[in-house]
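Participant: Next up is a structure, given as C-alpha coordinates.
The values are calculated or read from the model by the stated rules, or taken from the named source; none is laboratory data. Please read these numbers as outputs of a predicted model, since none were measured by experiment. A quick note on method: Cβ atoms are made from the backbone with ideal geometry, for glycine too, and the neighbour counts reach across all protein chains shown. We work out accessible area using only protein heavy atoms, side chains counted, and drop any ligands, DNA or RNA first. Shrake-Rupley method; radii C 1.70, N 1.55, O 1.52, S 1.80 Å.
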Amino acid sequence: MARSVSIWFVLATILCSLTAISAEESESKEFVLTLDHSNFKETVSKHDFIVVEFYAPWCGHCKNLAPEYEKAASILSKHDPPIVLAKVDANEEANRDLATEYEVQGFPTLKILRNGGKNVQEYKGPREADGIVEYLKSQTGPASAEIKSAEDATKLIGDKKIVVVGVFPKFSGEEFETFMALAEKLRSDYEFGHTLDAKHLPRGDSSVTGPLVRLFKHFDELFVDFKAFTVEALEKFVEESSIPLVTIYNNDASNHPFVIKFYNSPNAKAMLFANLNDESLDSLKSKYREVAEQYKGQGIGFLLGDVEVSQGAFQYFGVQESQAPLIIIQNNDGKKYIKPHVKADEIAQWVKDYKEGKVPAYVKSEPIPQENNEPVKVVVADTLEDMVFKSGKNVLLEFYAPWCGHCKKLAPILDEVAVHYEKDPNVLIAKL
(Lines give C-alpha, C1' and ligand atoms only; values in the text may rest on other atoms or scores of the structure.)
Protein backbone atom coordinates (compact mmCIF):
# COMPACT_ATOMS: atom_id res chain seq x y z
CA MET A 1 0.00 0.00 0.00
CA ALA A 2 2.82 2.38 0.95
CA ARG A 3 4.58 1.55 -2.34
CA SER A 4 1.37 2.32 -4.27
CA VAL A 5 0.96 5.70 -2.54
CA SER A 6 4.62 6.48 -3.24
CA ILE A 7 4.20 5.74 -6.97
CA TRP A 8 1.14 7.98 -7.20
CA PHE A 9 3.01 10.72 -5.35
CA VAL A 10 5.88 10.49 -7.86
CA LEU A 11 3.47 10.55 -10.82
CA ALA A 12 1.65 13.58 -9.38
CA THR A 13 4.96 15.36 -8.88
CA ILE A 14 6.01 14.62 -12.47
CA LEU A 15 2.64 15.86 -13.82
CA CYS A 16 2.90 19.06 -11.79
CA SER A 17 6.44 19.60 -13.05
CA LEU A 18 5.36 19.03 -16.66
CA THR A 19 2.44 21.46 -16.20
CA ALA A 20 4.79 24.07 -14.74
CA ILE A 21 7.26 23.60 -17.62
CA SER A 22 4.42 23.85 -20.14
CA ALA A 23 3.18 27.06 -18.50
CA GLU A 24 6.67 28.53 -18.49
CA GLU A 25 7.13 27.67 -22.16
CA SER A 26 3.75 29.25 -22.97
CA GLU A 27 4.68 32.40 -21.05
CA SER A 28 8.12 32.62 -22.68
CA LYS A 29 6.87 32.04 -26.23
CA GLU A 30 6.78 35.20 -28.32
CA PHE A 31 3.75 35.49 -30.58
CA VAL A 32 4.92 38.66 -32.35
CA LEU A 33 7.13 37.72 -35.32
CA THR A 34 10.48 39.52 -35.50
CA LEU A 35 11.22 40.63 -39.05
CA ASP A 36 14.15 42.42 -40.68
CA HIS A 37 15.45 43.25 -44.15
CA SER A 38 16.45 39.61 -44.75
CA ASN A 39 13.06 37.95 -44.19
CA PHE A 40 10.49 40.76 -44.47
CA LYS A 41 9.28 40.39 -48.05
CA GLU A 42 9.36 36.58 -47.97
CA THR A 43 7.28 36.48 -44.77
CA VAL A 44 4.78 39.14 -45.83
CA SER A 45 4.24 37.51 -49.23
CA LYS A 46 2.92 34.39 -47.46
CA HIS A 47 0.09 36.22 -45.68
CA ASP A 48 -3.16 37.66 -46.96
CA PHE A 49 -3.31 39.78 -43.80
CA ILE A 50 -0.45 40.75 -41.50
CA VAL A 51 0.18 43.69 -39.18
CA VAL A 52 3.69 45.12 -38.89
CA GLU A 53 4.95 47.49 -36.20
CA PHE A 54 7.95 49.65 -37.08
CA TYR A 55 9.60 50.55 -33.78
CA ALA A 56 12.77 51.94 -32.22
CA PRO A 57 14.22 50.33 -29.06
CA TRP A 58 14.71 53.73 -27.39
CA CYS A 59 11.14 54.91 -28.03
CA GLY A 60 9.03 55.23 -24.86
CA HIS A 61 5.74 54.80 -26.74
CA CYS A 62 7.11 51.62 -28.33
CA LYS A 63 8.04 50.27 -24.91
CA ASN A 64 4.51 50.97 -23.64
CA LEU A 65 2.96 49.30 -26.68
CA ALA A 66 5.16 46.17 -26.57
CA PRO A 67 3.32 44.14 -23.85
CA GLU A 68 -0.10 45.11 -25.26
CA TYR A 69 0.99 44.18 -28.77
CA GLU A 70 2.34 40.84 -27.56
CA LYS A 71 -0.83 40.09 -25.60
CA ALA A 72 -2.95 40.90 -28.66
CA ALA A 73 -0.74 38.66 -30.82
CA SER A 74 -1.25 35.81 -28.37
CA ILE A 75 -5.05 36.18 -28.49
CA LEU A 76 -5.17 36.64 -32.27
CA SER A 77 -3.02 33.54 -32.83
CA LYS A 78 -6.11 31.54 -31.78
CA HIS A 79 -8.43 33.41 -34.14
CA ASP A 80 -9.89 31.46 -37.09
CA PRO A 81 -7.97 32.09 -39.25
CA PRO A 82 -5.01 33.28 -37.10
CA ILE A 83 -4.10 36.96 -37.40
CA VAL A 84 -0.34 37.50 -37.47
CA LEU A 85 1.39 40.44 -35.79
CA ALA A 86 5.02 41.27 -36.55
CA LYS A 87 7.61 43.93 -35.71
CA VAL A 88 10.65 45.51 -37.36
CA ASP A 89 13.41 47.46 -35.61
CA ALA A 90 13.34 50.49 -37.89
CA ASN A 91 16.22 52.05 -35.96
CA GLU A 92 18.54 49.29 -37.19
CA GLU A 93 20.68 50.58 -40.06
CA ALA A 94 20.01 47.51 -42.23
CA ASN A 95 16.23 48.07 -41.92
CA ARG A 96 16.22 51.79 -42.78
CA ASP A 97 15.25 51.14 -46.42
CA LEU A 98 12.18 49.23 -45.24
CA ALA A 99 11.18 52.14 -43.02
CA THR A 100 11.58 54.52 -45.95
CA GLU A 101 9.60 52.27 -48.29
CA TYR A 102 6.69 52.17 -45.85
CA GLU A 103 6.86 55.92 -45.11
CA VAL A 104 7.66 55.55 -41.42
CA GLN A 105 7.90 59.06 -39.97
CA GLY A 106 7.55 58.33 -36.26
CA PHE A 107 7.52 55.51 -33.73
CA PRO A 108 5.68 53.29 -33.33
CA THR A 109 4.12 53.09 -36.81
CA LEU A 110 1.76 50.20 -37.51
CA LYS A 111 0.81 49.08 -41.01
CA ILE A 112 -1.79 46.58 -42.21
CA LEU A 113 -0.48 44.64 -45.21
CA ARG A 114 -2.97 42.73 -47.34
CA ASN A 115 -2.68 40.33 -50.27
CA GLY A 116 0.95 39.45 -49.66
CA GLY A 117 1.90 43.08 -49.12
CA LYS A 118 0.32 44.41 -52.32
CA ASN A 119 -2.11 46.62 -50.38
CA VAL A 120 -0.85 48.75 -47.48
CA GLN A 121 -3.04 50.62 -45.01
CA GLU A 122 -2.39 52.65 -41.89
CA TYR A 123 -3.39 51.02 -38.63
CA LYS A 124 -5.77 53.50 -37.00
CA GLY A 125 -7.06 51.49 -34.08
CA PRO A 126 -6.45 51.45 -30.30
CA ARG A 127 -3.07 50.78 -28.69
CA GLU A 128 -4.17 48.45 -25.89
CA ALA A 129 -4.54 44.69 -26.27
CA ASP A 130 -8.33 44.30 -26.21
CA GLY A 131 -8.80 47.24 -28.56
CA ILE A 132 -6.15 45.93 -30.95
CA VAL A 133 -7.88 42.54 -31.03
CA GLU A 134 -11.35 43.94 -31.74
CA TYR A 135 -10.10 46.40 -34.35
CA LEU A 136 -8.12 43.78 -36.26
CA LYS A 137 -11.00 41.31 -36.17
CA SER A 138 -13.13 43.99 -37.83
CA GLN A 139 -10.45 44.45 -40.50
CA THR A 140 -10.49 40.82 -41.61
CA GLY A 141 -13.13 39.21 -43.77
CA PRO A 142 -15.31 41.16 -46.25
CA ALA A 143 -14.82 44.93 -46.33
CA SER A 144 -18.59 45.48 -46.45
CA ALA A 145 -21.30 43.62 -44.50
CA GLU A 146 -24.61 42.66 -46.10
CA ILE A 147 -27.66 44.24 -44.43
CA LYS A 148 -30.58 41.80 -44.65
CA SER A 149 -32.86 43.30 -41.99
CA ALA A 150 -33.54 46.37 -39.87
CA GLU A 151 -31.78 44.56 -37.02
CA ASP A 152 -28.64 44.22 -39.16
CA ALA A 153 -28.80 47.93 -39.96
CA THR A 154 -29.25 48.91 -36.31
CA LYS A 155 -26.28 46.77 -35.30
CA LEU A 156 -24.03 48.30 -37.97
CA ILE A 157 -25.17 51.93 -37.86
CA GLY A 158 -24.51 53.10 -34.30
CA ASP A 159 -25.13 56.48 -32.71
CA LYS A 160 -21.50 57.60 -32.79
CA LYS A 161 -20.24 56.11 -36.02
CA ILE A 162 -19.86 57.07 -39.65
CA VAL A 163 -21.14 54.22 -41.83
CA VAL A 164 -21.24 54.05 -45.62
CA VAL A 165 -24.01 51.91 -47.12
CA GLY A 166 -24.54 50.97 -50.76
CA VAL A 167 -28.08 50.30 -52.00
CA PHE A 168 -28.21 48.08 -55.11
CA PRO A 169 -30.85 46.26 -57.17
CA LYS A 170 -28.41 43.32 -57.33
CA PHE A 171 -24.99 42.47 -55.91
CA SER A 172 -23.21 42.54 -59.23
CA GLY A 173 -22.33 44.97 -61.98
CA GLU A 174 -19.93 47.89 -62.33
CA GLU A 175 -21.46 50.07 -59.61
CA PHE A 176 -21.39 47.28 -57.02
CA GLU A 177 -17.79 46.37 -57.87
CA THR A 178 -16.80 50.03 -57.60
CA PHE A 179 -18.45 50.28 -54.18
CA MET A 180 -16.64 47.17 -52.94
CA ALA A 181 -13.33 48.57 -54.20
CA LEU A 182 -14.04 51.75 -52.22
CA ALA A 183 -14.86 49.71 -49.11
CA GLU A 184 -11.60 47.79 -49.42
CA LYS A 185 -9.62 51.01 -49.84
CA LEU A 186 -11.19 52.90 -46.91
CA ARG A 187 -12.03 50.04 -44.54
CA SER A 188 -9.46 51.15 -41.94
CA ASP A 189 -11.27 54.50 -41.62
CA TYR A 190 -14.97 53.69 -42.03
CA GLU A 191 -17.47 50.85 -41.73
CA PHE A 192 -19.31 49.72 -44.85
CA GLY A 193 -22.53 47.85 -45.56
CA HIS A 194 -24.59 46.94 -48.62
CA THR A 195 -28.23 46.02 -49.07
CA LEU A 196 -30.87 45.16 -51.66
CA ASP A 197 -33.64 46.94 -49.74
CA ALA A 198 -33.44 50.55 -48.49
CA LYS A 199 -36.42 49.84 -46.19
CA HIS A 200 -33.98 48.23 -43.76
CA LEU A 201 -32.12 51.53 -43.29
CA PRO A 202 -32.98 53.87 -40.39
CA ARG A 203 -32.97 57.14 -42.35
CA GLY A 204 -33.51 58.39 -45.88
CA ASP A 205 -35.87 57.50 -48.73
CA SER A 206 -36.83 53.86 -48.24
CA SER A 207 -38.26 53.48 -51.75
CA VAL A 208 -34.97 53.90 -53.64
CA THR A 209 -33.61 50.85 -55.42
CA GLY A 210 -30.21 52.27 -56.24
CA PRO A 211 -27.54 52.09 -57.14
CA LEU A 212 -26.68 54.82 -54.64
CA VAL A 213 -24.41 55.34 -51.65
CA ARG A 214 -25.86 56.64 -48.39
CA LEU A 215 -23.49 57.93 -45.71
CA PHE A 216 -24.85 57.89 -42.15
CA LYS A 217 -23.42 60.19 -39.48
CA HIS A 218 -24.35 61.52 -36.06
CA PHE A 219 -24.06 65.24 -36.85
CA ASP A 220 -25.40 67.86 -39.26
CA GLU A 221 -27.97 66.36 -41.68
CA LEU A 222 -27.50 62.77 -40.32
CA PHE A 223 -27.32 61.19 -43.79
CA VAL A 224 -26.24 62.11 -47.34
CA ASP A 225 -26.92 60.31 -50.64
CA PHE A 226 -24.54 60.12 -53.60
CA LYS A 227 -24.83 58.53 -57.05
CA ALA A 228 -21.57 59.13 -58.96
CA PHE A 229 -19.91 55.72 -59.18
CA THR A 230 -16.18 56.13 -59.60
CA VAL A 231 -13.80 55.30 -56.78
CA GLU A 232 -12.30 58.80 -56.90
CA ALA A 233 -15.68 60.56 -56.76
CA LEU A 234 -16.96 58.28 -54.01
CA GLU A 235 -13.80 58.70 -51.95
CA LYS A 236 -14.05 62.49 -52.18
CA PHE A 237 -17.72 62.32 -51.22
CA VAL A 238 -17.02 60.16 -48.16
CA GLU A 239 -14.08 62.28 -46.98
CA GLU A 240 -15.94 65.60 -47.34
CA SER A 241 -19.25 64.35 -45.93
CA SER A 242 -17.60 62.81 -42.88
CA ILE A 243 -16.28 66.16 -41.63
CA PRO A 244 -18.80 68.23 -39.63
CA LEU A 245 -19.88 71.56 -41.06
CA VAL A 246 -18.29 73.05 -37.93
CA THR A 247 -15.73 70.85 -36.17
CA ILE A 248 -15.82 71.15 -32.36
CA TYR A 249 -12.53 71.19 -30.46
CA ASN A 250 -13.06 70.68 -26.74
CA ASN A 251 -12.41 68.12 -24.00
CA ASP A 252 -14.73 65.53 -25.57
CA ALA A 253 -12.42 62.81 -26.90
CA SER A 254 -15.04 61.68 -29.44
CA ASN A 255 -14.48 64.96 -31.31
CA HIS A 256 -10.72 64.51 -31.64
CA PRO A 257 -10.77 62.31 -34.79
CA PHE A 258 -12.74 65.07 -36.53
CA VAL A 259 -10.21 67.67 -35.38
CA ILE A 260 -7.43 65.59 -36.94
CA LYS A 261 -9.41 65.31 -40.19
CA PHE A 262 -10.01 69.07 -40.12
CA TYR A 263 -6.30 69.89 -39.85
CA ASN A 264 -5.35 67.25 -42.43
CA SER A 265 -7.81 68.71 -44.94
CA PRO A 266 -6.36 70.61 -47.93
CA ASN A 267 -8.86 73.43 -47.34
CA ALA A 268 -8.09 76.80 -45.78
CA LYS A 269 -8.91 76.61 -42.07
CA ALA A 270 -11.16 79.08 -40.24
CA MET A 271 -10.98 78.74 -36.44
CA LEU A 272 -13.17 80.59 -33.96
CA PHE A 273 -11.84 80.38 -30.40
CA ALA A 274 -14.25 81.27 -27.60
CA ASN A 275 -15.55 80.09 -24.24
CA LEU A 276 -17.95 77.40 -25.40
CA ASN A 277 -19.64 77.26 -21.99
CA ASP A 278 -20.59 80.94 -22.10
CA GLU A 279 -24.28 81.08 -23.02
CA SER A 280 -23.97 84.77 -23.89
CA LEU A 281 -21.92 83.68 -26.93
CA ASP A 282 -24.70 81.50 -28.39
CA SER A 283 -25.53 84.12 -31.03
CA LEU A 284 -21.85 84.30 -31.99
CA LYS A 285 -21.66 80.52 -32.44
CA SER A 286 -24.95 80.49 -34.34
CA LYS A 287 -23.79 83.18 -36.77
CA TYR A 288 -20.48 81.36 -37.25
CA ARG A 289 -22.39 78.23 -38.25
CA GLU A 290 -24.47 80.26 -40.73
CA VAL A 291 -21.28 81.52 -42.35
CA ALA A 292 -19.89 77.97 -42.48
CA GLU A 293 -23.06 76.88 -44.29
CA GLN A 294 -22.69 79.81 -46.71
CA TYR A 295 -19.12 78.80 -47.68
CA LYS A 296 -19.68 75.03 -47.72
CA GLY A 297 -17.80 73.47 -50.63
CA GLN A 298 -15.80 76.65 -51.33
CA GLY A 299 -12.41 75.48 -50.08
CA ILE A 300 -12.63 76.61 -46.47
CA GLY A 301 -13.30 74.50 -43.35
CA PHE A 302 -14.63 75.79 -40.02
CA LEU A 303 -13.65 74.85 -36.46
CA LEU A 304 -15.02 76.08 -33.14
CA GLY A 305 -12.43 75.74 -30.38
CA ASP A 306 -12.86 76.12 -26.64
CA VAL A 307 -10.30 78.48 -25.11
CA GLU A 308 -9.65 76.02 -22.27
CA VAL A 309 -8.10 73.42 -24.57
CA SER A 310 -6.68 75.80 -27.19
CA GLN A 311 -3.65 77.15 -25.36
CA GLY A 312 -1.30 75.37 -27.74
CA ALA A 313 -3.03 77.01 -30.69
CA PHE A 314 -2.70 80.45 -29.09
CA GLN A 315 1.01 79.91 -28.60
CA TYR A 316 1.45 78.59 -32.16
CA PHE A 317 -0.36 81.52 -33.76
CA GLY A 318 1.17 84.13 -31.45
CA VAL A 319 -2.11 85.39 -29.99
CA GLN A 320 -3.45 85.81 -26.46
CA GLU A 321 -6.47 84.27 -24.75
CA SER A 322 -7.48 87.83 -23.83
CA GLN A 323 -8.16 88.43 -27.55
CA ALA A 324 -10.98 85.85 -27.55
CA PRO A 325 -13.46 85.52 -29.04
CA LEU A 326 -11.21 85.65 -32.08
CA ILE A 327 -11.17 84.13 -35.56
CA ILE A 328 -7.99 82.86 -37.18
CA ILE A 329 -7.91 81.77 -40.82
CA GLN A 330 -4.82 79.96 -42.05
CA ASN A 331 -4.11 79.35 -45.73
CA ASN A 332 -2.14 76.41 -47.07
CA ASP A 333 0.72 78.81 -47.81
CA GLY A 334 1.04 79.49 -44.07
CA LYS A 335 -0.39 83.00 -44.14
CA LYS A 336 -2.66 83.84 -41.21
CA TYR A 337 -5.55 86.29 -40.88
CA ILE A 338 -6.82 87.28 -37.44
CA LYS A 339 -9.92 89.06 -36.14
CA PRO A 340 -9.70 89.56 -32.33
CA HIS A 341 -12.68 90.41 -30.11
CA VAL A 342 -15.02 89.47 -32.93
CA LYS A 343 -18.76 90.12 -32.58
CA ALA A 344 -21.54 88.04 -34.11
CA ASP A 345 -22.58 90.67 -36.64
CA GLU A 346 -18.95 91.08 -37.85
CA ILE A 347 -18.26 87.46 -38.83
CA ALA A 348 -19.97 87.32 -42.24
CA GLN A 349 -18.43 90.56 -43.54
CA TRP A 350 -14.95 89.74 -42.26
CA VAL A 351 -14.93 86.29 -43.90
CA LYS A 352 -16.27 87.87 -47.11
CA ASP A 353 -13.45 90.44 -47.01
CA TYR A 354 -10.94 87.63 -46.45
CA LYS A 355 -12.25 85.70 -49.47
CA GLU A 356 -11.97 88.85 -51.59
CA GLY A 357 -8.38 89.48 -50.51
CA LYS A 358 -9.18 92.61 -48.52
CA VAL A 359 -7.84 91.39 -45.14
CA PRO A 360 -4.09 91.87 -44.61
CA ALA A 361 -2.13 88.84 -43.44
CA TYR A 362 -1.22 88.77 -39.76
CA VAL A 363 2.44 88.76 -38.78
CA LYS A 364 3.58 88.48 -35.18
CA SER A 365 5.69 91.57 -34.63
CA GLU A 366 7.29 93.77 -32.02
CA PRO A 367 6.08 97.38 -32.09
CA ILE A 368 7.63 99.60 -34.78
CA PRO A 369 10.22 101.74 -32.94
CA GLN A 370 9.29 105.40 -32.70
CA GLU A 371 12.95 106.37 -33.20
CA ASN A 372 15.40 104.40 -35.34
CA ASN A 373 18.49 106.63 -35.40
CA GLU A 374 21.26 104.25 -34.36
CA PRO A 375 23.78 103.09 -37.00
CA VAL A 376 22.37 99.54 -36.83
CA LYS A 377 18.72 99.95 -37.78
CA VAL A 378 16.01 97.99 -35.98
CA VAL A 379 13.75 95.87 -38.17
CA VAL A 380 10.57 94.26 -36.87
CA ALA A 381 8.18 91.90 -38.64
CA ASP A 382 5.85 94.73 -39.66
CA THR A 383 8.71 96.66 -41.33
CA LEU A 384 10.64 93.72 -42.80
CA GLU A 385 8.99 93.95 -46.22
CA ASP A 386 9.56 97.71 -46.70
CA MET A 387 12.96 98.11 -44.99
CA VAL A 388 14.57 94.98 -46.45
CA PHE A 389 12.84 93.35 -49.42
CA LYS A 390 11.49 96.50 -51.08
CA SER A 391 14.30 98.88 -50.09
CA GLY A 392 16.41 98.30 -53.19
CA LYS A 393 19.47 98.29 -50.93
CA ASN A 394 22.17 95.75 -50.13
CA VAL A 395 21.13 94.63 -46.65
CA LEU A 396 23.08 92.85 -43.96
CA LEU A 397 20.41 91.68 -41.50
CA GLU A 398 21.27 90.09 -38.17
CA PHE A 399 18.69 87.77 -36.60
CA TYR A 400 19.54 87.78 -32.90
CA ALA A 401 18.28 87.04 -29.40
CA PRO A 402 18.96 89.55 -26.60
CA TRP A 403 20.04 86.79 -24.20
CA CYS A 404 22.51 85.19 -26.65
CA GLY A 405 26.16 85.53 -25.59
CA HIS A 406 27.45 85.30 -29.19
CA CYS A 407 25.03 88.04 -30.22
CA LYS A 408 26.30 90.29 -27.43
CA LYS A 409 29.90 89.78 -28.60
CA LEU A 410 28.91 90.57 -32.19
CA ALA A 411 27.02 93.77 -31.28
CA PRO A 412 30.03 96.20 -31.14
CA ILE A 413 31.47 94.73 -34.36
CA LEU A 414 28.16 95.20 -36.12
CA ASP A 415 28.00 98.77 -34.80
CA GLU A 416 31.46 99.46 -36.24
CA VAL A 417 30.48 98.07 -39.64
CA ALA A 418 27.27 100.13 -39.60
CA VAL A 419 29.18 103.34 -38.84
CA HIS A 420 31.52 102.59 -41.74
CA TYR A 421 28.59 102.27 -44.19
CA GLU A 422 26.34 104.90 -42.57
CA LYS A 423 26.72 107.40 -45.42
CA ASP A 424 26.34 104.83 -48.19
CA PRO A 425 22.72 105.14 -49.48
CA ASN A 426 22.85 101.67 -51.06
CA VAL A 427 23.78 99.75 -47.88
CA LEU A 428 21.71 98.98 -44.80
CA ILE A 429 23.03 97.25 -41.65
CA ALA A 430 20.12 96.11 -39.52
CA LYS A 431 19.00 93.68 -36.83
CA LEU A 432 15.77 91.84 -36.10
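Participant: Roughly how many Å² is the accessible area per residue of the chain, as a whole number, for a 1.4 Å probe? Please list the in-between numbers first.
Facilitator: Details: 25060 Å² over 432 residues.
Averaged over the residues of the chain, the accessible area is 58 Å².
Participant: Return the subset of Lys287/Lys339; Lys261/Lys358; Lys236/Lys261; Lys161/Lys296 for which the Cα-Cα distance in this structure is over 24 Å, preserving the input order. Could you put the intermediate results ahead of the total?
Facilitator: Values: Lys287/Lys339 15 Å; Lys261/Lys358 29 Å; Lys236/Lys261 13 Å; Lys161/Lys296 22 Å.
Distance filter (> 24 Å) returns Lys261/Lys358.
Participant: What lysines could a cross-link reach from Lys423, if we take a straight Cα to Cα line under 21 Å and drop same-chain neighbours fewer than 8 places away?
Facilitator: Straight-distance partners of Lys423: Lys377, Lys390, Lys393, Lys431.
Participant: Which lysines, on any chain, are close to Lys78 with Cα under 20 Å apart, when same-chain ones fewer than 8 places away are left out?
Facilitator: Of all the lysines, those that pass the test against Lys78 - Cα under 20 Å, at least 8 places apart if same chain - are Lys29, Lys46, Lys87, Lys137.
Participant: Does a label point 7 Å from the Cα of Asp189, set along Cα-to-beta-carbon, have any residues of the range 144-174 with amide nitrogen under 14 Å, and which are they?
Facilitator: Output list for this probe position: 162-164.
Participant: Could you state the principal axis extents of the C-alpha atoms in the range 381-431, from the largest down, to the nearest angstrom?
Facilitator: Principal extents (Cα only, largest first): 32, 26, 11 Å.
Participant: Under a 5 Å amide H to amide H cut-off, with H placed in plane at 1.01 Å, what residues pair with Tyr362 once short-range neighbours are removed?
Facilitator: Lys336, Tyr337, Ile338
Participant: Would you work out which of His37, Asn277, Val388 lies farthest towards the positive end of the dipole of the chain, given +1 charges on the beta-carbon of Lys and Arg and -1 on that of Asp and Glu, about the Cα centre?
Facilitator: Farthest towards the positive end: His37.
Participant: Taking N as the number of residues in the range 145-242, what value does Rg over Cα atoms divided by 2.2 N^0.38 Å take? Present the calculation step by step, with values, prior to reporting the outcome.
Facilitator: Numbers: Rg = 12.0 Å, N = 98, 2.2 N^0.38 = 12.6 Å.
The range 145-242 yields a ratio of 0.95.
Participant: Sticking with this one: Express the carbon and sulfur contribution to the solvent-accessible surface of the chain as a percent, rounded to the nearest whole number, probe 1.4 angstrom. Kindly include the intermediate steps, with their values, before the conclusion.
Facilitator: Working: 13190 of 25060 Å².
Carbon with sulfur: 53 percent of the solvent-accessible area.
Participant: Rounded, prolate or oblate for the range 33-140? Axes are the square roots of the Cα gyration tensor eigenvalues, ordered a ≥ b ≥ c, and the cut-off for rounded is a/c under 1.5.
Facilitator: Numbers: a/c = 1.71, a/b = 1.18, b/c = 1.45.
Cα axes put the range 33-140 in the oblate bin.
Participant: Using Cα pairs under 8 angstrom and six or more residues apart, how large is the relative contact order of the chain, in percent? Numbers along the way, then the final one.
Facilitator: On the way: 614 pairs, mean separation 36.8, N = 432.
Answer for the chain is 9 percent.
Participant: Around His194, with a cut-off of 14 angstrom between Cβ atoms, what is the net charge of the other residues, counting Lys and Arg +1 and Asp and Glu -1?
Facilitator: Numbers: positive: Lys148, Lys170, Arg187, Arg214; negative: Glu146, Asp152, Glu175, Glu177, Glu184, Glu191, Asp197.
Within the 14 Å Cβ shell, the charges total -3.
Participant: Let me ask something else about it. Answer with a single label: of [x] -0.38, -1.17; [y] -0.58, -1.16; [z] -0.39, -1.06, which was calculated as log10 I(q)/I(0) by the Debye sum over Cα atoms at q = 0.07, 0.12 Å⁻¹ from the structure in view?
Facilitator: Identified label for the calculated read-out: [y].
Participant: What's the local net charge at Glu308, with K and R +1, D and E -1, over the other residues with C-beta under 14 Å away? Please report the intermediate quantities before stating the final value.
Facilitator: Working: positive: none; negative: Asp252, Asp278, Asp306, Glu321.
Neighbour charge sum, excluding Glu308 itself: -4.
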